[in-house]
Structure formats: structure tokens, C-alpha cells
Amino acid sequence: MKTIDKIYIGGEFATPHGTEVMELFNPATSALAARVQLADEVDTQRAIAAATAAYKSWRHTTREQRMDYLQRLHDVVAQHEAEMIATMVEEYGGPLTISTGTTRRAAASFASAKKILANYQFERQAGTAKVVMEPLGVVGLITPWNANYGFICSKLSMALAAGSTVVIKPSELSSAQTELLTRILHQAGLPAGVLNIVTGRGDTVGAEITRHPDIAKISFTGSTAVGKAIARGAVDTMKRVTLELGGKSPTILLDDADFAKAMPLAIAAATMNSGQACLAGTRLLVPQHRLEEAHRLAVEQMEALQVGNPRDAATKIGPMVTQTQWQRVQGYIRKGIEEGATLLTGGAGKPAGLEDGWFVRPTIFGNVRNDMTIAREEIFGPVLSIIPYRDEEDAIAIANDTPYGLHGYVFGGDLARANRVAARIVAGRVFVNGLYDEPEAPFGGFRQSGLGREFGIFGFEQYLEPKALLGYDHPL
Ligand code: NAD
């Protein structure tokens with residue numbers, strides 16, 4: 001059992017002023033894994049003060065200096081890949097493949113930010129004005145538990161590249177991963193106060209970051225409900241906010257699609273990260289006249305996925321992160337049955353032989369109507385709803401009939417047609433005929449899936465503010 005009792009302020013590891021101790025359990029076995037001493041508002045204020053002091057000089061570092069630090073951050077994270085993966089598998093229960101991917105993306109985000117910084121034009125002309133892109137100040141980064149390293153490193157890399165300093169509030173459920181990552185990031189030798197990490201509760205540390213006048217911007221990834229609370233709180237001090245929130249993304253199988261090729265990808269889209277993924281394609285839209293075929297293939301593919309020990313390289317679906325998350329998923333499975341959807345595979349309870357951890361039976365509901373709860377709300381587990389549609393117009397209407405707009409997936413034989421359908425999906429990203437990873441492409445949502453974008457140049461500019469200088473070349 002681990003004891004985690006350090007936070008990181010002003011370049012030093014410190015014991016929190018907060019005294020609350022939280023217990024964490026291994027999700028694959030439910031054994032007690034760690035006791036964490038949580039930070040509180042006082043710790044948060046200290047971290048903000050350290051970041052404010054450091055900003056005075058960090059904002060004046062040169063492009064080359066910041067590129068050098070980003071390279072160092074990349075190198076230290078890349079060097080510790082094996083330890084990071086093992087800790088993520090252990091604490092979060094993320095299957096080896098997803099834990100490896102998240103860890104590699106975390107290191108790669110520093111390289112991406114360095115590349116953007118190398119080429120970015122901080123000054124440009126707008127008519128007679130010179131426009132200078134300036135850093136914002138101290139940025140609060142608030143992250144969830146489902147890809148802890150990835151979220152911390154991608155937000156951190158962009159903020160530092162832009163010339164801001166940061167106070168990070170990671171999910172308290174990822175404390176062991178954060179403790180390890182903090183020790184690794186410390187090795188990059190950033191100036192004291194540029195990076196501060198305070199692990200604590202959302203309603204203490206997160207709320208203090210939201211209301212504190214010295215925080216200029218918040219970049220948040222998490223649930224839509226908390227995102228709204230942050231946006232409301234942030235407006236009092238007019239903080240800039242980037243919100244990456246939930247989703248209920250549609251996957252459209254067009255009637256000319258080869259279902260045998262598309263279905264494994266559609267199931268992977270629905271179950272990635274054990275279903276604990278904001279961009280999961282959890283509503284599968286299939287043509288009415290091919291419904292039976294779709295049901296059969298979907299069940300075949302879902303039942304072929306290995307559920308179990310996240311350390312096993314063949315495992316595709318690990319446990320839910322906590323008992324609470326497991327219970328939430330169970331509630332949705334029961335709700336689907338109550339509302340009259342057809343249970344095609346899976347169901348409530350745990351898979352046989354996996355009673356000790358927070359494992360869910362991968363579940364597919366057929367004959368789902370888009371107004372059922374399981375089609376409207378984000379479940380965050382391996383639960384797929386198959387919804388029949390009449391024709392292309394109907395498919396697009398169903399796809400867009402959601403409060404969310406994070407992602408979409410389209411599979412079709414005629415590529416031009418698939419692209420036409422993709423263009424009509426109201427979402428921040430749409431994948432056509434595959435699953436992809438492009439670090440330069442913007443990521444974020446329409447509607448209640450969020451505000452603003454991350455990644456690439458679009459994400460970088462969310463950490464900058466334009467200042468127009470007029471008459472700068474005009475002697476009096
Ligand atoms: P969450 O919203 O409960 O928590 C996210 C973070 O916010 C945590 O660090 C939490 O402690 C903090 N928080 C909680 N209450 C707060 C408050 N009042 N003020 C400030 N901070 C507060 O989300 P979660 O359960 O950790 O993660 C799952 C959710 O995240 C899902 O809804 C998922 O869709 C979303 N998510 C979105 C993306 C995306 O990029 N769009 C990516 C991953 C996860």
C-alpha cells in the first residue's frame with residue numbers, strides 16, 4: 001500500500017496543509033492501494049502565488065529557451081515510459097494497450113508543442129496595426145482520471161510554450177500516476193514556480209482555482225456538469241476557459257458499407273479505454289433493412305473482446321475506475337432494460353470469474369430509440385446502443401439529435417457520399433472509414449461537449465491573447 005502525501009509547489013515537494021486522507025483501491029482487485037493526503041484551498045493559494053511570481057520571468061523567456069525546456073520535458077517523460085505504464089495499469093486498470101498509448105502521447109505532446117512553437121508567428125500585421133500574441137498569465141489546468149498523463153502533459157506543454165505558468169489540479173483518483181509524473185517532470189529542471197501540482201478535491205482545490213483572481217485561464221477536461229460549474233464561476237473574474245466535456249457520439253454505418261470491415265472498428269470506437277472515453281462512439285446507427293446483420297456482427301465482435309486483467313496484452317476491456325463508476329454503468333444497463341431496449345449481449349452484474357474487481361459485462365442494446373436514456377446520456381462504460389434508421393436523412397437527423405457534439409464516425413462504400421454525411425454531423429471531429437490519431441488536428445466539441453479547442457495550432461492559440469499596437473511606427 002502506498003502513502004501519497006506530497007504536492008509540488010514552487011519547485012519543491014511539500015506536505016499538504018490539507019489533512020483529509022482519501023483511500024484508493026486497485027480497480028482490478030478492489031484491494032486497498034493507497035492513502036492520499038489531499039491538498040486544500042491554502043495549498044492552492046500557495047501554488048497560485050508561486051506561479052504568479054514565476055510568470056514575471058517565464059513570460060520573457062525566448063522561444064529557444066522554451067523549446068529547450070519542452071525538449072527536456074519530452075525526454076524525461078519518454079525515459080520513464082515503462083514505470084509510467086505500469087503505474088497507470090495498476091492504479092487506473094487501463095489495459096496495457098491504452099496505458100501504453102496514453103503514456104506515449106504524453107511524451108509526444110511536448111514534441112508537438114515544441115514544433116508549433118518553432119514555427120509560430122507571434123507578431124503579424126492587421127492593416128496598419130501590429131498584432132502581438134501574448135501569453136495569458138497563470139493558467140489552471142483541471143484534469144480527469146481516464147488518461148491522467150495525457151491530459152496533464154498536453155495542457156502543460158501548450159501553456160508553457162505560450163509563456164504561461166501553471167497550477168495543475170489532477171483528478172484525486174489518479175494520485176499515484178500524478179505522484180510519479182511529478183517526480184519525472186521535476187527532473188526537467190524548470191524554473192521554480194513555473195509548474196505547480198496540487199492534488200485535491202474538485203470542490204476545494206478546483207473551486208479555489210475557479211474563483212481566484214490571479215488565475216487568467218482554466219483549461220478543463222471532465223464532465224459537462226462540472227464544466228458548466230467552472231464556466232459559471234470563472235465569469236466573475238472573466239477567466240478564459242477551454243472546456244473539453246462529455247459526448248454521446250454517433251457512428252453511422254451507411255447502407256453501402258461493408259459491415260464485416262466496419263463493425264470491428266465500430267465496436268472498437270464504442271469500447272476504447274474500456275468505454276471510459278469521451279470520444280467513444282456509443283450510438284451505432286444502422287439502416288433498418290440491415291438491422292439483423294448489424295446486430296449479429298456487433299454481438300460477435302463484442303463477445304470476442306477479452307475482458308479482464310489489464311496487465312494481459314490481449315485484454316481489451318479492463319475494470320471501471322471505481323466502484324462508483326461501476327454502479328453508475330450498472331444503473332444505465334438496468335435503465336436500458338426498463339425502457340424496453342433489446343439486450344443483445346452482456347447485461348447487469350460482473351463477468352464470470354472477475355467478481356473481485358469493478359468489471360462490467362460488455363453490453364449491446366438493440367432496437368434503441370434515440371429518446372431513451374441510454375441513447376441520450378454519457379454512460380462511460382462498454383455499453384453500446386444500436387439505433388435503426390430509415391434513410392440517409394434520418395441517420396443524419398438522429399446523429400445530430402443530442403445535446404453533445406464531440407465526435408462522429410461514418411463508414412460507407414462510396415467515399416464521396418461518406419464525406420458528405422460526415423460534413424453534416426455537428427461535432428468537433430469526424431472519422432471517416434477508420435480510427436485515427438492526428439496530434440495536429442484540433443480536438444473539442446460543439447454544443448454541450450465544450451468550448452474551445454485543444455491540440456495543434458488551434459489549441460496553442462487558446463493560450464494566447466492578441467494585442468493590437470497602432471502607431472507603433474509613427475514618430476510624434
Ligand atoms: P469530473 O468532471 O467529475 O472531474 C474532472 C476534474 O474536475 C477532476 O479533477 C475533479 O476533481 C474536478 N472537479 C470536480 N468538481 C469540481 C468543481 N466543482 N470545480 C472544479 N473542479 C472540479 O470528470 P471525471 O469523472 O474525472 O471524468 C469523466 C468525465 O470527463 C466524462 O464526462 C468524460 O466525458 C469527460 N472527459 C472529456 C474529455 C474530452 O476531451 N472532451 C476527455 C476525457 C474525459
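The values are calculated or read from the model by the stated rules, or taken from the named source; none is laboratory data. Worth saying up front: this structure is predicted, and the values here are computed from it rather than measured. Methodologically, a virtual Cβ is constructed for each residue, glycine included, from the backbone with ideal geometry; neighbour enumeration extends over all protein chains shown. Just the protein is used for accessible areas: all its heavy atoms, side chains included, with ligands, DNA and RNA removed. Shrake-Rupley method; radii C 1.70, N 1.55, O 1.52, S 1.80 Å.
Scanning segment 30-61 for residues that are closer than 30 Å to Gln327 by Cα, outside any strand (DSSP E or B) and in contact with a strand residue (DSSP E or B) (Cβ under 9 Å, 6 or more places away or on another chain) gives Ala31, Leu38, Asp40. Meeting the requirement of 2 or more residues that are open to solvent by 70 Å² or more (accessible area, probe 1.4 Å) and within 30 Å of Ala108 (Cβ to Cβ), the helices (runs of 4 or more DSSP H) wholly within segment 325-444 are 415-423. Scanning segment 226-256 for residues that are near the ligand (Cβ under 7 Å from one of its atoms), assigned to a helix (DSSP H, G or I) and either open to solvent by 50 Å² or more (accessible area, probe 1.4 Å) or of a type in the set (D, E, K, R) (or both) yields Val226, Ala229. Residues in segment 183-209 that are open to solvent by 10 Å² or more (accessible area, probe 1.4 Å), in contact (Cβ under 8 Å) with a residue 12 or more places away in the chain, in a helix (DSSP H, G or I) and within 16 Å of the ligand (Cβ to nearest atom): 4 in all. Tell me, yes or no, whether segment 278-300 has at least one residue that is in contact with a strand residue (DSSP E or B) (Cβ under 6 Å, 6 or more places away or on another chain), part of a loop (DSSP other than H, G, I, E, B) and farther than 26 Å from Ile396 by Cα. Checked against the condition, which is being in contact with a strand residue (DSSP E or B) (Cβ under 6 Å, 6 or more places away or on another chain), part of a loop (DSSP other than H, G, I, E, B) and farther than 26 Å from Ile396 by Cα, segment 278-300 yields no hits at all. Select from segment 8-29 the residues that are in contact with a strand residue (DSSP E or B) (Cβ under 7 Å, 6 or more places away or on another chain), open to solvent by 70 Å² or more (accessible area, probe 1.4 Å) and not β-branched (Val, Ile, Thr) and list them in ascending order. Passing the criteria: Glu23, Phe25.
Considering only residues that are among the hydrophobic types (A, V, I, L, M, F, W, C) and open to solvent by less than 20 Å² (accessible area, probe 1.4 Å), look in segment 273-290 and name the one that is nearest to the ligand (Cβ to nearest atom). Among those that are among the hydrophobic types (A, V, I, L, M, F, W, C) and open to solvent by less than 20 Å² (accessible area, probe 1.4 Å), it is Ala277.
Kindly evaluate Leu156 against the criterion of being in a helix (DSSP H, G or I), more than 16 Å from the ligand (Cβ to nearest atom), modelled with pLDDT of 95 or more and crowded, with 24+ Cβ neighbours inside 10 Å. Answer is no for this residue.
Of all the residues in segment 405-435, those that are among the aromatic types (Phe, Trp, Tyr) and away from the ligand (no atom under 16 Å from the Cβ) number 1.
A residue that is touching a residue at least 12 places away in the same chain (Cβ under 8 Å), away from the ligand (no atom under 16 Å from the Cβ) and out of contact with any helix residue (DSSP H, G or I) (no Cβ under 9 Å at 6 or more places or on another chain) cannot be found anywhere in segment 106-119. Considered as a group, the residues in segment 210-225 that are open to solvent by 30 Å² or more (accessible area, probe 1.4 Å) and charged (D, E, K, R) include one that is nearest to the ligand (Cβ to nearest atom), and that residue is Arg211. Looking at Thr52, is it among the polar types (S, T, N, Q), in contact (Cβ under 8 Å) with a residue 60 or more places away in the chain, within 30 Å of Glu134 (Cβ to Cβ) and surrounded by 19 or more Cβ atoms within 10 Å (Cβ to Cβ)? Here the answer is no, as Thr52 does not meet what is asked. Looking only at segment 461-468, decide whether some residue is touching a strand residue (DSSP E or B) at 6+ places or on another chain (Cβ under 9 Å), within 12 Å of the ligand (Cβ to nearest atom), modelled with pLDDT of 95 or more and of a type in the set (Gly, Ala, Ser). No, segment 461-468 has no match at all.
Checking the structure you have, find out if any residue of segment 132-145 is within 16 Å of the ligand (Cβ to nearest atom), farther than 15 Å from Asn196 by Cα and either assigned to a helix (DSSP H, G or I) or under 16 Å from the mean Cα position of the chain (by Cα) (or both). Yes, some residue in segment 132-145 is within 16 Å of the ligand (Cβ to nearest atom), farther than 15 Å from Asn196 by Cα and either assigned to a helix (DSSP H, G or I) or under 16 Å from the mean Cα position of the chain (by Cα) (or both). Please verify whether Leu173 is open to solvent by less than 10 Å² (accessible area, probe 1.4 Å), of a type outside the set (Gly, Ala, Ser) and either in contact with a strand residue (DSSP E or B) (Cβ under 8 Å, 6 or more places away or on another chain) or assigned to a helix (DSSP H, G or I) (or both), treating the condition exactly as stated. No: the conditions fail for Leu173.
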